[in-house]
2 protein chains.
Amino acid sequence: VNAPGEFELIERFFTARGAAREDVLLGVGDDAALLAMPPGAELVLALDTIVAGRHFPPDANGRAVGHRVLAVNLSDFAAMGAEPAWALLGLTLPASDEIWLDAFASGFDELARRFGVALVGGDTTRGPLCATVTLAGWVPAGTALRRGGARPGDDLWISGTPGDAGAGLAILQGRLAATGAVREELLRRFLLPEPRVQLGLALRGIATACIDVSDGLAADLAKLCRASDAGALLDAARLPRSAALTTAAGDTAALQLALSAGDDYELVFSAPPAARRRIEKLDSAVAVHCIGEITEVPGVRVEGAALERDAAHGFDHFDD
Amino acid sequence: VNAPGEFELIERFFTARGAAREDVLLGVGDDAALLAMPPGAELVLALDTIVAGRHFPPDANGRAVGHRVLAVNLSDFAAMGAEPAWALLGLTLPASDEIWLDAFASGFDELARRFGVALVGGDTTRGPLCATVTLAGWVPAGTALRRGGARPGDDLWISGTPGDAGAGLAILQGRLAATGAVREELLRRFLLPEPRVQLGLALRGIATACIDVSDGLAADLAKLCRASDAGALLDAARLPRSAALTTAAGDTAALQLALSAGDDYELVFSAPPAARRRIEKLDSAVAVHCIGEITEVPGVRVEGAALERDAAHGFDHFDD
């Protein structure tokens, strides 16, 4: 029941993609991949699917889709403090559009090489456009960051500037107007999210809990709080917002986007106050900001003048 | 950009599915799964996607779809002689049909438990019906069965009775008529394929090459031959055919189905003639038959009277 030419598609688009790794004992081309794990490490596995019209616009260019399907999985690894190594790709395509496929492959390939990930297997089929990646790798035993370790009194941190990706999506959908460099920057933040793998690795032994922001800061922070059996008090004034975001959206909408828009793929994490100096000195590609604290009271609350009511209203949906 | 209620869907359908395993350090519910590998083993990873209307009828019942998406991956493991352990499931669904989902989950769950596989992660999204499973597990270092090890003079073997699944599909599509137990048997062989994991494990150290039959015996044997830089001479008279298949299709069509229909998920493997006695005595749930030999001449040829021309014609498509 396979498409004629599927074999050739697989050969062409799955061979020699991503990084070359010596621990790949058998890659694409057999019934499964064989891989050498470092001794004493724990295996880490993540799987994410992205679907046209749901996670990306149906007319998105191939490069952005190839980038995204790997980036969302790399972001899961970042949130675990895990070392990515090997990827498998399931790609379902309505028709064999070689230009789109080349762009998809190059978007995937560029990100995979940058993070040292080899493509070791996969499956292409005809069907509605969607893509699934399984990412595999490891952590030294006992060092993985989890959602459930936050303790009352811990500082609450975020990487980068949340809300930018949400603004980029709003621009794409015509709900927000922006021009020039501001527009380009916000579109790039939505279309080509940058997973914070280096930061996640640096946070091992420091962060008590960590999650990546895919559904929105408030929603994902609520998951971290639930898993930790704790709550969070967030100071709106300390929430970092990019110049591009405030220029495009204005202060009030910018804060709302930073709190509730998804697709940022930044890391939210907790750490004891004693670790503050170490965290500020981390050599990561992205800045981190302390934005509040973990509380005994469950739920996510936001301090910050006029925004309190909006925010509280916004969170009802997620936080129960 | 996630569906409301997705979290609840994941909670409900992904929790405590499949076998309980002590080597699952962290399962469903965080950003990735954490797993303990046995020391000295090689990691094995396979990924297969099945799409409605392509790999199964769009109106197939949920149980058959849940079974199939795991079975095709288990079959890849069988072909490698690998021990399955952990699965991740990406499920894309047009709407939240709870009855269908319950059936899907039970089909998946039943097969997973039977093979000792834990469901450790996944992702549900709204979209056109398709499912992807990544299966992870291991082999003792250096023992994996590959496609590329067949040597001229090796015997060629197959498990079970190929062609049954193809006849089942033909019945479903109204291209073949059958009634009663014959019909039931052939439908079951298409809808609920049985992966030959136990046989694959038993063949480690015996088989020189192995592949599972997903695209058809001739097509998959051609892949084994290409990978081994060899050919195969197949004796049509020795090709096992089930009573159900010959009853429904007659002798000629039965042979054609056995040679070229897909979806059987039987194992085709090569082994030295000296191993014949050991192979015949293997304690496997399925019978195996010697059906020919590996040759120096490349390509797949079929011996067997009146069928030679048909068969040769059929193989032109695959064998180049």
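The values are calculated or read from the model by the stated rules, or taken from the named source; none is laboratory data. All of these numbers come straight from a predicted model, not from anything done at the bench. Glycine gets a Cβ as well: all are built from the backbone with ideal geometry, and neighbour counts include every protein chain shown. These accessible areas exclude ligands, DNA and RNA; they are computed on the full protein's heavy atoms, side chains included. Shrake-Rupley method; radii C 1.70, N 1.55, O 1.52, S 1.80 Å.
Candidates B:ARG238, B:ARG188, B:ARG175: the one that is more than 18 Å from B:ALA287 (Cβ to Cβ), of a type in the set (D, E, K, R) and open to solvent by 30 Å² or more (accessible area, probe 1.4 Å) is B:ARG175.
Residues that are more than 24 Å from B:THR295 (Cβ to Cβ), at least 3 per element: which helices (runs of 4 or more DSSP H) completely within region B:177-285 meet that?
Details: elements: B:180-191, B:197-202, B:217-228, B:243-260, B:276-280.
Answer list for region B:177-285: B:180-191, B:197-202, B:243-260.
Residues considered: A:ALA82, A:ALA150, A:ALA78. Of these, the only one that is within 14 Å of another protein chain (Cβ to nearest Cβ) and touching a Ser or Thr at 6+ places or on another chain (Cβ under 8 Å) is A:ALA150. Against the list (1) in contact (Cβ under 8 Å) with a residue 40 or more places away in the chain; (2) crowded, with 18+ Cβ neighbours inside 10 Å; (3) touching a helix residue (DSSP H, G or I) at 6+ places or on another chain (Cβ under 7 Å), the condition A:THR246 fails is (1). For region A:91-112, filtering for residues that are open to solvent by 10 Å² or more (accessible area, probe 1.4 Å) and part of a helix (DSSP H, G or I) leaves 8.
Residue count for region A:141-172 under the criterion of being outside any helix (DSSP H, G or I), of a type in the set (A, V, I, L, M, F, W, C) and buried (at least 20 other Cβ atoms within 10 Å of the Cβ): the result is 6.
Is it the case that region B:32-55 has a residue that's among the β-branched types (Val, Ile, Thr), over 21 Å from the mean Cα position of the chain (by Cα) and closer than 13 Å to B:ALA136 by Cα?
To start, the set of residues in region B:32-55 that are among the β-branched types (Val, Ile, Thr) comprises B:44, B:49-51.
Next cut, over 21 Å from the mean Cα position of the chain (by Cα) only: none.
So far as region B:32-55 goes, no, none of its residues is among the β-branched types (Val, Ile, Thr), over 21 Å from the mean Cα position of the chain (by Cα) and closer than 13 Å to B:ALA136 by Cα.
The selection criterion, being under 17 Å from B:HIS55 (Cα atoms), within 14 Å of another protein chain (Cβ to nearest Cβ) and under 15 Å from the mean Cα position of the chain (by Cα), does not hold for B:PHE108. Figure legend. Inter-residue proximity from region A:198-219: first residues more than 9 Å from every other protein chain (Cβ to nearest Cβ) and polar (S, T, N, Q), second residues in a loop (DSSP other than H, G, I, E, B) and buried (at least 23 other Cβ atoms within 10 Å of the Cβ), beta-carbon distance below 6 Å, spacing 6+ or different chains. Indicated pairs: A:THR208/A:ALA150; A:THR208/A:ASP154.
Suppose we filter region B:60-76 for residues that are farther than 16 Å from B:LEU89 by Cβ and open to solvent by 10 Å² or more (accessible area, probe 1.4 Å); how many remain?
Narrowing region B:60-76 to residues farther than 16 Å from B:LEU89 by Cβ: B:60-61, B:75.
Next, only the ones that are open to solvent by 10 Å² or more (accessible area, probe 1.4 Å) stay: B:60-61.
Going through region B:60-76 one residue at a time, the tally reaches 2.
Rundown of residues vs (1) under 18 Å from the mean Cα position of the chain (by Cα); (2) within 23 Å of B:GLN256 (Cβ to Cβ); (3) among the small types (Gly, Ala, Ser), yes/no style:
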| position | (1), (2), (3) |
| --- | --- |
| B:TRP157 | yes, yes, no |
| B:ALA170 | no, yes, yes |
| B:GLU184 | no, yes, no |
| B:ARG204 | yes, no, no |
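Kindly indicate whether A:GLY231 is more than 25 Å from B:ASP31 (Cβ to Cβ), small (Gly, Ala, Ser), open to solvent by less than 60 Å² (accessible area, probe 1.4 Å) and at pLDDT 95 or above. No.
Going by the conditions given, is A:LEU88 within 14 Å of chain B (Cβ to nearest Cβ), within 25 Å of A:LEU145 (Cβ to Cβ) and outside any helix (DSSP H, G or I)?
Details: within 14 Å of chain B (Cβ to nearest Cβ): yes; within 25 Å of A:LEU145 (Cβ to Cβ): yes; outside any helix (DSSP H, G or I): yes.
Answer is yes for this residue.
Scanning region B:29-59 for residues that are more than 7 Å from chain A (Cβ to nearest Cβ) and surrounded by 22 or more Cβ atoms within 10 Å (Cβ to Cβ) yields B:ILE50, B:PHE56.
A:ALA131 - would you say it is under 20 Å from A:PRO57 (Cβ atoms) and either within 14 Å of chain B (Cβ to nearest Cβ) or surrounded by fewer than 24 Cβ atoms within 10 Å (Cβ to Cβ) (or both)? Steps first, please.
Numbers: under 20 Å from A:PRO57 (Cβ atoms): yes; either within 14 Å of chain B (Cβ to nearest Cβ) or surrounded by fewer than 24 Cβ atoms within 10 Å (Cβ to Cβ) (or both): yes.
The answer is yes for A:ALA131.
Take the conditions (1) within 14 Å of chain B (Cβ to nearest Cβ); (2) open to solvent by less than 10 Å² (accessible area, probe 1.4 Å); A:TRP138 misses just one of them, which is (2). Reported count of residues in region A:261-279, each being touching an Asp or Glu at 6+ places or on another chain (Cβ under 9 Å) and open to solvent by 30 Å² or more (accessible area, probe 1.4 Å), is 3. Scanning region B:113-124 for residues that are open to solvent by 10 Å² or more (accessible area, probe 1.4 Å), touching a Lys or Arg at 6+ places or on another chain (Cβ under 8 Å) and either in a strand (DSSP E or B) or within 19 Å of A:VAL133 (Cβ to Cβ) (or both) yields a single hit, B:LEU119.
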